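In what follows, a single structure is set out as structure tokens and then discussed.
Nothing in this text is a laboratory measurement; each read-out follows from the coordinates by a stated rule. Remember, it's a predicted structure, so these values are computed and weren't measured experimentally. With ideal geometry, Cβ positions are generated from the backbone for all residues, glycine too; neighbour counts draw on all protein chains shown.
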Amino acid sequence: MNTLVKQGTDLNTANTNWTGARDKYDTDLTAFNNAKTLVARFSADQAYLLGSDSKGVAWMDATVEAEVKAAAGTSEKKVLDLVAKSVAENATITASMKLLNDWHTEQIRAGKAAYDAAAKQYNLDVQALIKAKGDKINQEAAIKGAKAQCHTRAFADAQEDRKKKEAADKKIKAAQKALQDAYAKASAFPADAAGAVQKGGLCTYDTVKKARTPCAKGATDADTLCCGAAQRFLKDGTKLVVETCQLATATTYLYYPEMKDGALKAPTPETWRFQCISAAQKLAAAATAALAAGYMMA
């Protein structure tokens, strides 16, 4: 991912350089064309000026010659004055034209210098533009490759994570099954043997048979089981009862709450109060007899 971020930054830089080079190229191309146009205009002006200079001198010579011919037969001094005037005017025209020519020459020199500088910068801009374009293309290819690598790596990581999760889920399910199997074994009611309920088994009254399955008898009184009621009262007053066979001397019963599917921890067994049902019945009978005797004595 870091490689992809770097490639993206480099691509943005390449795009910025490309845009800058393109804009500079357009600006310098305009300056180049302007300098080229300026040099061409000054060159044309100078050519025109040189042509005008020659035409002006020729025109002046023709004018003076006409004046000299017109003055033919007059005094020599007048002819000499006309010649002197022609020479002076030609000198003035030549001097003026030289100034103009020198000015145009300087403008052409400066224009050519600007043209050469613009042409040089134009060539540099073309090279920069080509390089910026190449860098842009290279960075686009690089970021495309980086994205492909990123996708490949992400897919490989996802596959690896999936395998790890499957392995972890498998371990969790195995641990849950082992926990559930152990809890089911610990909380299972023992099977009846020889038609009698074993210790911990249920001796619930059968409403169809109108009787209870008897609890197993031990070899001694201490081993003899009785059918009793294990009870627990909830906060709302509800009474929970389990009728089970326990030792006659037992006063408590270990109750195993139901373990929910998917549980990661076994429920904590609860200790309930236990009392043999036969003992309770005997206690009730003794109390009734005592009440009757008292009544008769009265």
Approximate spin-label separation A263-D192, in nm, with each point projected 7 Å along Cα-to-Cβ: 2.8
Using a Förster distance of 22 Å, the FRET efficiency for L254-A211 (Cβ separation, nearest 0.05): 0.25
What three numbers, in Å, describe the spread of the alpha carbons of the chain along their principal axes, ordered from the longest? 202, 47, 30
Show me, bin by bin at 5 Å from 0, the whole-percent P(r) of the range 83-160 based on Cα pairs. 3, 12, 8, 8, 7, 7, 6, 6, 6, 5, 5, 4, 4, 3, 4, 3, 3, 2, 2, 1, 1, 0, 0
Once you treat every alpha carbon in the range 2-163 as an equal point and sum by Debye, what is log10 I(q)/I(0) at q = 0.10, 0.11, 0.12 Å⁻¹? -0.67, -0.72, -0.77
How far is helix 76-187 tilted off the main Cα axis of the chain, in degrees rounded to 10, range 0 to 90? 10
For P257, the net charge from surrounding residues (Cβ-Cβ under 15 Å; K, R +1; D, E -1) works out to 0
Tell me what the chain gives for mean residue ellipticity at 222 nm when only DSSP H runs of n ≥ 4 count, each as -39,500 (n - 2.57), the sum divided by the residue total, rounded to 500 deg cm²/dmol. -26000 deg cm²/dmol
Cα coordinate range in the range 69-226, projected on the principal axes (Å, largest first): 187, 29, 25
If Lys and Arg each add +1 and Asp and Glu each add -1, what is the summed charge of the other residues whose beta carbon sits under 13 Å from the beta carbon of N138? +1
Rounded to the nearest 10, the angle in degrees between the Cα long axis of helix 2-70 and the longest principal axis of the Cα atoms of the chain comes to 10
Need the full-extension length gain, H151 to K77, defined as separation in residues times 0.36 nm minus the C-alpha distance. One decimal, nm. 15.8 nm
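Determine the dipole magnitude for the range 2-163: charges of +1 sit on the beta-carbon of Lys and Arg, -1 on that of Asp and Glu, nothing else is charged, the reference point is the Cα centre, and the result goes in debye to the nearest 20. List each step's numbers first, then the result.
Working: 22 positive and 21 negative charges, 162 e Å.
About 780 debye.
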Computed FRET value (nearest 0.05) for A113 with I93, which takes r as the C-beta separation and R₀ as 35 Å: 0.70
